[in-house]
Amino acid sequence: MKELIVKAPGKLVWVGVPTPALSSPAGALVRPIASASCDLDRRLIAGATPFKPPFVIGHECVAEVLEVGSAVSTLKRGDLVSVPWKISCGTCKQCLSGRTTACTSVAKYAAYGVPAGGNWGGLFSEVVYVPFADAMLVHLPPGLNPIAAASASDNLTDAWVATSRPLASREDARVLVVGGTESLGILAVQMAVAAGAGSVDYLDSDDYRRGLAERCGAHVDIGFASDLNERYDLVVSATREQQALHKGLLALAPGGHCSCIGIIFEDPRIPLFGMYMRDVTLSVGGCSVRPHIPKVLELVNTGACDPLLVSPTIVSCVEATEALIQPLAKCIVVRERITQSA
């Protein structure tokens, strides 16, 4: 089979590797049919992270099930499933507490598409091994477009958790989304609206993303020179820029919360004393997406959000090596199905 690797900074290639084996009765083999680029992927490809090539890439997809182990009870060949980015067993103490990113049955950071916790393959590959099929894989609702659901593995669910969890205890909340990555800010606007925000403002210097945010229901007539201090009940920081995060933290009203979902590898400057005096909170994720994927698929299926707004580029595997390095938006790589549900 073939898998997609970052061979060198800025260079993607398909390479032939042995097809993974079904090595556990709890496992499954799946075939990605709609694989999306995560906002992190372009930095991984560019060599702008601590992870240095060569390594396999891809950690967002919908796949068809090819084969299941003898202990798998909820899946069969032909099922369409969302494949979470993080490897998790579903039975350890951390998984049972909903913290699947901290699963203790596998190496720390074990995940698809990132060379951190072992080599688990990438979700652009032709075949992927899922070691804990019943615990990890989530059935797609009947009729849901696999392409629209591709990012439920990570970015789309991150945006839902970052908004819905703090909004659950804040009625008629004023929300600020600080954009800057390819999709997370726009998805956060959509999810804030779906979660019942009173109002949503969007802060970003990029006109393309500002236009998308406005289409999703956000007010975009603010800039980085605007005085936003202590104005918002929820700030979603979907940026990789330290100064933009800093401005978002200053924008928190007393009792407010900041969900930081943009990855910043260097230690940022945090206005800690001012946050202390306002009794605000800050969460940083990589959230545990697996427990929340069913709700996110429901939101996509009912039209409460439109992930394809940030994924205007849909390409074949042949086109992927060039398309995935382009700026501005997410890209989805598609394959034809080879199975049919029984």
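Overview of results
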quantity	calculated
The range 236-342, relative contact order in percent, only Cα pairs under 8 angstrom and at least six apart counted	19
Computed over the range 248-299, the ratio Rg/Rh where both radii use C-alpha atoms and Rh is Kirkwood	1.09
Cα centroid of the range 129-187 to Cα centroid of the range 78-117, whole Å	16
Estimated 222 nm signal from helices in the chain, with DSSP H stretches of n ≥ 4 weighted -39500 (n - 2.57), rounded to 500	-6000 deg cm²/dmol
Inter-part distance where the range 203-275 and the range 1-43 are each reduced to a Cα centre, Å	33
HN-Hα J in Hz across the range 72-80 - Karplus 6.51, -1.76, 1.60, θ = phi - 60°, x for Gly and Pro	7, 10, 10, 9, 8, 4, x, 5, 9
Residue-by-residue Karplus 3J(HN,Hα) for the range 121-132, coefficients 6.51, -1.76, 1.60, Hz, glycine and proline x	x, x, 8, 8, 5, 6, 9, 10, 8, 10, x, 10
Candidate lysines for bridging to K108, where Cα separation is under 25 Å - those fewer than 8 sequence places away on the same chain excluded	K7, K52, K86, K93
Sum of side-chain charges, A36 neighbourhood, beta-carbon under 11 Å (Lys, Arg +1; Asp, Glu -1)	-4
Whole-Hz couplings from phi, Karplus 6.51/-1.76/1.60, listed for the range 140-157; x for Gly and Pro	6, x, x, x, 6, 5, x, 5, 5, 9, 4, 8, 4, 4, 7, 4, 5, 6
Taking the range 156-284 and dividing mean pair separation by its residue count, relative contact order in percent (alpha carbons under 8 Å, at least six apart)	24
Stokes-Einstein diffusion coefficient of the range 1-76, Kirkwood radius over Cα pairs, 37 °C, 0.692 mPa s, in µm²/s	233
Under-5 Å amide H pairs with H59, H placed in peptide plane, nonlocal only	C38, L123
Radius 13 Å from Cβ of C317, net charge of other residues (Lys, Arg +1; Asp, Glu -1)	-2
Distant-in-sequence amide H partners of V235 (H built 1.01 Å from N, under 5 Å)	L176, H257, C258, S259
At q = 0.12, 0.20, 0.22 Å⁻¹, base-10 log of I(q)/I(0) for the range 85-144 (Debye sum, equal scatterers on each alpha carbon)	-0.30, -0.77, -0.89
Charge sum, other residues only, whose C-beta stays under 13 Å from S73's C-beta, Lys/Arg counted +1 and Asp/Glu -1	-1
Ratio Rg/Rh [Cα only; Rh per Kirkwood] for the range 156-284	0.92
Mean separation of Cα contacts under 8 Å, 6 or more apart, over the residue count of the chain: relative contact order %	19
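Each reported figure results from applying straightforward, stated rules to the coordinates on display, with no laboratory input. Because the structure is a prediction, the values reported are computed rather than measured. For neighbour counting, all protein chains shown are included, and Cβ atoms are generated from backbone atoms with ideal geometry for every residue, glycine included.
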